[in-house]
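The values are calculated or read from the model by the stated rules, or taken from the named source; none is laboratory data. Quick caveat, the model's predicted, so the values are computed rather than measured. For neighbour counting, all protein chains shown are included, and Cβ atoms are generated from backbone atoms with ideal geometry for every residue, glycine included.
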Amino acid sequence: MHELSIAMSIVDLAEEYAAKEEAQRVLEMEIEVGELSGVVTEALDFAMEEAVAGTLCEKARWKIIPIPGEVRCRACGHVFPSDSLFSDCPRCGQAGVELVRGNEMRLRSILVE
Amino acid sequence: MCDTCGCGSEDEEVILRKPGKEGEHFHLEGEDHLHHHGEDLGQSHHHHHEAREIVVEQNVLSRNDLLAERNRGYFEARGVTAFNLVSSPGAGKTSLLEQTIRDLKEEKKFFVIEGDQQTMHDAERIDATGVPVIQINTGNGCHLDARMIHTAVKEMDIPEGAVLMIENVGNLVCPSLFDLGEHKRVVVISVPEGDDKPVKYPTMFRSSHLCIINKTDLLPYVDFDLEKVREYARQVNPEIEILELSVKTGEGMDRWYQWLRENS
């Protein structure tokens with residue numbers, strides 16, 4: 001359940017930015033989660049409910065935006081969409097890829113008042 | 001209820017202790033997530049009532065990463081080498097550490113941080129080898145983070161040239177995302193666990209520098225294809241180094257010691 005630590009980090013970050021703007025509360029949070037980041041979206045959703053309690057984000061809604069995975073074949077350099085780090089290259093058939101996109105775990109923006 | 005500081009349920013809080021001094025435990029430094037740090041802000045004189053968007057664009061774990069970098073800087077300034085040992089529960093991290101310390105303690109100054117959800121068991125085993133150790137009990141937490149290491153290290157006063165061994169909570173998922181400020185991450189897997197660990201937990205293998213395959217003495221009794229593990233591990237991380245050993249029989253321990261000498 002590292003999703004709880006991640007949820008608490010999201011709330012901390014949102015509070016930090018809200019406080020800088022002297023906002024009274026956070027209304028919305030947009031969170032980007034990559035498909036290959038090792039974070040389970042459902043678990044994060046659940047953990048967020050815990051993490052917002054007693055914070056400026058208590059009444060906030062959040063939106064988790066999935067970032068699709070993309071990998072590059074180490075053999076031929078072909079870049080292709082994939083939800084796994086163990087995929088064979090559709091072009092040359094070789095195994096072994098490196099991550100291009102989908103490792104994100106970012107707070108994109110917040111709406112405050 | 002803790003009788004030293006009156007803190008609440010021990011199960012839920014992170015507590016750091018030294019063997020033999022269990023009464024003198026201490027907590028994490030700095031702000032606590034559980035405190036309601038939003039309350040003071042409500043008294044701000046500038047009330048803006050209209051909703052407005054703030055673009056954040058920050059990595060969620062940026063605070064941990066920042067603290068990890070601070071730890072790394074502290075280690076480098078003191079010439080301390082830190083290793084983060086990760087594995088599933090029961091792969092043999094503590095046994096590997098005990099044996100390593102017994103064999104090399106004349107050569108290296110070892111300091112150990114033990115991470116577990118509960119108990120002092122591992123710290124007591126390390127304490128018996130005679131080197132300084134701090135136990136971090138994470139309560140419900142499934143991994144160590146940079147702040148816990150920061151707090152523990154301050155309590156240890158690690159001298160120049162020492163080796164800090166951090167044994168993470170047994171778990172191949174969560175610890176992979178949390179940089180502690182270590183120089184090298186060592187993932188330990190053991191023969192009875194099966195040869196598909198790198199496929200099941202790619203994030204951990206991707207972020208590790210060395211993979212130790214422990215309990216090779218059990219190879220004759222289980223279906224475990226060493227070549228397959230090597231292939232899987234290198235698919236996800238072509239730079240990963242791989243060592244096979246058995247803490248029990250001592251086979252392969254020389255190569256691990258050689259690696260330690262080269263990397264500390």
State which residue is farthest from the other protein chains (Cβ to nearest Cβ) when the search covers only region A:52-71 and only residues that are exposed (fewer than 15 other Cβ atoms within 10 Å of the Cβ) and aliphatic (A, V, I, L, M).
A:ILE65
For region B:188-210, state whether one or more residues are farther than 18 Å from B:ARG255 by Cβ and of a type in the set (Gly, Ala, Ser).
yes
Could you say whether any residue in region B:197-206 is touching a residue at least 40 places away in the same chain (Cβ under 8 Å) and assigned to a loop (DSSP other than H, G, I, E, B)?
no
Scanning region A:6-37 for residues that are within 13 Å of the chain's Cα centre (by Cα) and free of Cβ contacts under 8 Å to residues at least 24 places away in the same chain gives A:SER9
Please count how many residues of region A:98-113 are assigned to a strand (DSSP E or B) and facing another protein chain (nearest Cβ under 8 Å).
9
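I'd like to know if region A:52-60 contains one or more residues that are over 21 Å from B:ASN171 (Cβ atoms) and not in a loop (DSSP other than H, G, I, E, B).
Start the filter on region A:52-60 by keeping residues that are over 21 Å from B:ASN171 (Cβ atoms), which leaves A:52-60.
With the extra rule that they be not in a loop (DSSP other than H, G, I, E, B), the set shrinks to none.
Within region A:52-60, not a single residue is over 21 Å from B:ASN171 (Cβ atoms) and not in a loop (DSSP other than H, G, I, E, B).
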Report the residue count in region A:76-92 for those that are more than 8 Å from chain B (Cβ to nearest Cβ) and either in contact with a helix residue (DSSP H, G or I) (Cβ under 7 Å, 6 or more places away or on another chain) or at pLDDT 95 or above (or both).
11
Residues that are part of a loop (DSSP other than H, G, I, E, B), surrounded by 15 or more Cβ atoms within 10 Å (Cβ to Cβ) and within 10 Å of another protein chain (Cβ to nearest Cβ): does region A:41-51 have at least one?
no
Subset of region A:13-31 [facing chain B (nearest Cβ under 7 Å) and either touching a Leu at 6+ places or on another chain (Cβ under 6 Å) or on the phi > 0 side of the Ramachandran plot (or both)]:
A:LEU13, A:GLU15, A:ALA19, A:GLU22, A:LEU27
Within region B:98-116, count every residue that is among the polar types (S, T, N, Q) and under 20 Å from B:HIS150 (Cβ atoms).
0
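Looking at this structure, is A:ALA18 at pLDDT 95 or above and among the small types (Gly, Ala, Ser)? Spell out the reasoning first.
Working: at pLDDT 95 or above: yes; among the small types (Gly, Ala, Ser): yes.
When the stated conditions are applied, A:ALA18 passes them.
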Among (1) part of a strand (DSSP E or B); (2) over 15 Å from the mean Cα position of the chain (by Cα) - the single one B:TRP259 does not satisfy
(1)
Hits in region B:182-210 (condition: within 14 Å of another protein chain (Cβ to nearest Cβ) and charged (D, E, K, R)):
B:ASP195, B:ASP196, B:LYS197, B:LYS200, B:ARG206
Which of the residues belonging to region A:1-12 are within 7 Å of another protein chain (Cβ to nearest Cβ) and charged (D, E, K, R)?
A:ASP12
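Can you work out which of the residues in region A:27-40 that are assigned to a loop (DSSP other than H, G, I, E, B) and among the hydrophobic types (A, V, I, L, M, F, W, C) is nearest to A:SER84 (Cα to Cα)?
Going through region A:27-40, the residues assigned to a loop (DSSP other than H, G, I, E, B) turn out to be A:35-40.
Next, from what is left, pick out any that are among the hydrophobic types (A, V, I, L, M, F, W, C): A:36, A:39-40.
On the way: A:LEU36: 7, A:VAL39: 13, A:VAL40: 14 Å.
Among those that are assigned to a loop (DSSP other than H, G, I, E, B) and among the hydrophobic types (A, V, I, L, M, F, W, C), it is A:LEU36.
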